[in-house]
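Here's the structure we're looking at; comments come further down.
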Amino acid sequence: MSTKIDKIDRLSELSAAKDDERGVSLWTEAFRRLRRNPAAITGAVILLLFVIVAILGPILAPFTPTDPSGIREGVVKSGQGIIPGPTGDHWLGYDHQGRDFFSRMLVGARQTLLVGVISTLIGLTIGALIGGVAGAAAGLGGRVGRWIDVVLMRIVDMLLALPSLLLAVSIAALLGASLTTVMIAVGMVSVPVFARLLRGSMLAQAGGDYVLAATSLGVKRNTIALTHILPNSLAPVIVQATLTLATAIIEAAALSFLGLGNPDSAIPEWGVMLADAQPYLGIRPGLAIWPAAAIIVTALGFTLLGEALREALDPKLRK
Amino acid sequence: MPLLDVRDLSVTFARRGQRTVRAVDGVSFGVHAGEVVGLVGESGCGKSVTSLAIMGLLPKQRGVTIDGVADFDGTDLLKTDARAMRDIRGRDVAMIFQDPLSSLNPVVPIGVQVTEVLTRHRGMRGEAATKEATALLDRVGIPDPARRLKEYPHQLSGGMRQRALIAMAVACKPRLLIADEPTTALDVTIQAQILELLKELVRDSGTALIMITHDLGVVAGMCDTVNVLYAGRVIENARRKPLFYEPRHPYTTGLLRSVPRLDAGRGTPLNPIRGSVRDVLPWPDGCAFAPRCDRRVDACVGEPPALVVGYDGHGYRCVNPTPQGAQP
Amino acid sequence: MFRFIVRRLLQLVPTLLGLSVLLFIWLRRLPGGPETAILGERGTPALRAQVRRSLGLDEPLLIQYGRFVKRTLQLDLGTSISTKREVTTEFLLRFPGTVELTITAMIIAIGVGIPLGYLAARRRGTWLDHASVGGSLIGICVPVFFLAYVLKAIFAENLGWFPSSGRQDPTIGATHITNFFVLDGLMTREWDAAADAIWHLVLPGIALASIPLAIIVRITRASVLEVLGEDFVRTAESKGLTERTVRGRHVLRNAMLPIVTVIGLLTGGLLSGAVLTETVFAFSGIGAFLYEAISNRDYPVLMGFILIIALFYVLVNLIVDVSYSLIDPRVRVR
């Protein structure tokens, strides 16, 4: 009998508890789902390690990464094809200029992270600016707005019609080979992508009922664009930014491979190291494999996280 | 001997890391040839899952378990293998779905979607299939059928699409037709037309019809017998009249009372059933309706209430039923 | 449909015109000029000025541009500053190689990607699914030029299964008509020449296919999974149709829509990868030539090549839009 009374008590508790249930925000919900996704966890762990190495690399490095000690000591003679492999002291051996390769790998993480982040930021900022203005103008601005949108989008289409590498190469030709060049070139390539994405997303939002509701309440158009449409359109842009971090690192490596990266290869960067290793593939494949693996794993980390984020934010998949 | 005899049908969905859901729990009912049987209940009560289980259309993956018997003219549909089911579906048992737009393939002309059934089950091809498809569309009341055959779903109106789906379902003169909320997505005026069409088709061909709905008006207008479902169980079953005039289960009573009435006079409040279907018992036994029930007594939260069968086969599962003669 | 295509082609005009203006200004802003490439270090200022004058580079930009447009309208793209040959000739000589490479890569990517993505979706949760999802993730993250090097090192240099460079073995002495070597071989019935050209395409083709392949696998899988959950697939099943009909007519046809869009986008984007792959395999396409043209400031070549490439890109997208509307009646244009 007592269990029955218990059960009835719990029933009333249950109906009381129901009243406290509140909707959770998009981002809280997305974060909850990210934590349950093993791919997201894997990506996050990879990136965490990557960032730690990028920050602490110079401290952790056992040797000075720019010191050609191997040549000074006469162990490295790349002209004769002598580049010693891993030893007890030098875990990954020397590079072709007699520098400790393990130290260069560690320190190189920072430059690679920098290239990825800054070029993505360049693309994101310029692209979001163009796309945001075009989207806001098209969604709310009437005839003039549509005109602004058409002009901006035609420019973006022109950029899209150019092969990305050609665009990057010509930018690099204009600015001369350097790491900054690589960042700007890689960043510019992603501008049209971000512009189109944000514009499309904003247009979709502008057709939403809540925008109509805000308009009918007399909220100013600029305010609607900034406080309602923009925040709701950001999710796909953030996902794309995460994915772009991966492609930026890969594209930067490609530019380095074409000889447009930092000509002073003293400061280690994975892309440059990979490009520099090409002539020595036959003698010491490790010189290419390690930076390549590092680039692949890092890009994988960003991709995993980006894809998981996309899934977590997809309203179609939410239940 | 009914044409379809469903006994003790149970469907459970188990998901890793989540509580196993018993969507259908020991459902039994029968459908005789030419009879219209209603499965009534709110969304989530298990009526659609019941029909999908009978059709063999539930996803065959880990975690989905189906128990019980669905005896269709001597064949247990639940035990029939996938290949044989493909021969039965569309030919002997057919189904009409709720949303006609999403239920039609958007990139294939209506004509192909009709003729493919004829080709599959009646071996008709080319000219003959097109002729039969035209006749079918004509029969379900689609004007200018020859032209419609070449059109795509998005070019048809909502009612037209549902008629097309009905044409596909009755193409092989099935002995059993399952209609899963066939009018929910349609305008009220169209709803009546579609129901009329279904009634006509059933009467003319002697097809048995399982009508799945949450709309008591549809039940009153069409069904011979009614099964009321709540949380995966049949909580009341009766012929149409006794159910409407003398409902015994408080849930059924509540459903009937919650229908707004024109003769109720201005200012009379509506009578909703309080709470929602999601207010389920946190334990497996007991009456699932108890959390929302006005006639709840202590016995409700003990064991699951047994089926009480009264006069003329009127059955209900309730320990404290609505008294007979109470005006619903 | 016809009017749609015409309208799209007309829209091309302002795009190309705008692009040519941008390019023109952009290229002239590059530091240095063709005279540096021609004269090298020995050029005196007077000599430089003379070269510039002979190339017509001393005139105002507007007049130079006007002359460029006038010539281009007469289908004359000018003469390459570094090779002294007609830009059109250079293009017809080199572009076929890149096209062959791109087509090979797309055939590999589509031919493997769609079936693999489809199977992964059908067998969701099996090892095949996990392997193709994981594999495609890695495929996206491997730099193309690195993959090209690895393939070359393993299959050409170590195992010797495939040639390591070039488009065709010159000792075969193949006849060239269109400069599409495979096509030439088939046209002249020099089967061994065609086979050799195909043989040379395999490794660079695979390297170039890696990213599109990975993306096509992913999009196919996602698209098929989404369609499998659609109501009309359930309707098709409820009609008792054979598995083949359900899969072909109802699932795949609908799943193709996003795949077609992505294929279009990828084909346009392949050119960048082609430049890298051509460099690794010393494959004579437009890649290396364009790269040199940028360093030599070979304005006519750059203007001509880039505009034609942009034109191709836009045309590919037009073809995609047309085929999309052929599959999906809802966007069909009248």
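Please treat every number below as a calculation from the coordinates, not as lab data. Since this is a predicted model, take the numbers as computed values, not measurements. As a convention, Cβ positions derive from the backbone with ideal geometry for all residues, glycine included, and neighbour counts pool all protein chains shown.
Descriptive notes on the structure:
- Comparing B:GLU303, B:GLU246, B:GLU35 in a Gaussian network model of chain B (Cα springs below 10 Å), the most mobile by mean-square fluctuation is B:GLU303.
- Once the Cα atoms are used to define both axes, helix B:110-122 deviates from the longest principal axis of chain B by about 90 degrees.
- Exposure proxy order (Cβ contacts within 10 Å, fewest to most) of B:ASP180, B:ASP285: B:ASP285, B:ASP180
- Per-residue ellipticity at 222 nm computed for chain C from its helices equals -24000 deg cm²/dmol, with DSSP H segments shorter than 4 residues left out and the rest contributing -39,500 (n - 2.57).
- Here C:PHE289, C:PHE68 are placed in order of increasing Cβ neighbour count within 10 Å, fewest first, which gives C:PHE68, C:PHE289.
- Each of the peptides B:218-228, B:60-70, B:198-208 was scored by the mean count of other Cβ atoms within 10 Å over its residues; in descending order, highest first, they stand as B:218-228, B:198-208, B:60-70.
- Close amide H partners of A:LEU92, meaning residues 5 or more places away or on another chain with modelled amide H under 5 Å apart, are A:THR87, A:PHE101, A:PHE102.
- Order of C:LEU311, B:LEU165, C:LEU62 - criterion: other Cβ atoms within 10 Å of each residue's Cβ, fewest first: C:LEU62, C:LEU311, B:LEU165
- Candidates C:ASN296, C:ASN179, C:ASN158: whichever shows maximal mean-square fluctuation once chain C is modelled as a Gaussian network with Cα springs under 10 Å: C:ASN158
- The trypsin sites (Lys or Arg not before Pro) of segment B:103-133 that meet both conditions, a loop assignment by DSSP and at most 16 other Cβ atoms within 10 Å of the site Cβ, are B:ARG125.
- Average beta carbon contacts from partner chains per residue of A:246-252, 10 Å cutoff: 3
- Residues whose placed amide H lies under 5 Å from that of C:THR79, excluding near-sequence neighbours: C:VAL87
- Across the alpha-carbon atoms of segment C:2-73, the computed radius of gyration and Dmax are 17.1, 58 angstrom.
- Around the amide H of B:VAL308, modelled in the peptide plane, lie the amide H atoms of B:TYR316, B:ARG317, B:CYS318, all under 5 Å away and 5 or more residues distant in sequence or on another chain.
- DSSP beta bridges in segment B:4-229 [antiparallel fraction, %, rounded to 5]: 45 percent
- If you run the Gaussian network model on chain C, springs between alpha carbon atoms under 10 Å, then out of C:LEU203, C:LEU147, C:LEU73 the most flexible one is C:LEU73.
- What the phi angles of segment C:296-308 give under the Karplus curve with 6.51, -1.76 and 1.60, with θ = phi - 60°, is a coupling list of 8, 6, 7, 3, x, 4, 4, 4, x, 4, 5, 5, 5 Hz, glycine and proline written as x.
- Karplus-based coupling profile of segment A:151-158, in residue order and whole Hz: 4, 4, 6, 4, 4, 4, 4, 4, with θ = phi - 60° in 6.51 cos²θ - 1.76 cosθ + 1.60 and x standing for Gly or Pro.
- Using Cβ point charges alone (K and R +1, D and E -1), the dipole size of chain B about the Cα centre works out to roughly 620 debye.
- Helix-only arithmetic for chain B: the sum of -39500 (n - 2.57) across DSSP H runs with n ≥ 4, divided by the residue total, places the mean residue ellipticity at 222 nm at -8500 deg cm²/dmol.
- Dipole magnitude for segment C:96-327: about 900 debye, using +1 per Lys or Arg Cβ and -1 per Asp or Glu Cβ, origin at the Cα centre.
- For segment C:9-26, 3J(HN,Hα) per residue [Karplus equation, 6.51 cos²θ - 1.76 cosθ + 1.60, θ = phi - 60°, Hz, x = Gly/Pro]: 5, 5, 5, 4, 4, x, 4, 5, 4, x, 4, 5, 4, 4, 4, 4, 5, 4
- Long pairs among C:LYS84/C:LYS152; B:LYS60/B:LYS199; B:LYS199/B:LYS241; B:LYS60/C:LYS239; B:LYS47/B:LYS199; B:LYS60/B:LYS131, criterion Cα-Cα beyond 29 Å: C:LYS84/C:LYS152; B:LYS60/B:LYS199; B:LYS60/B:LYS131
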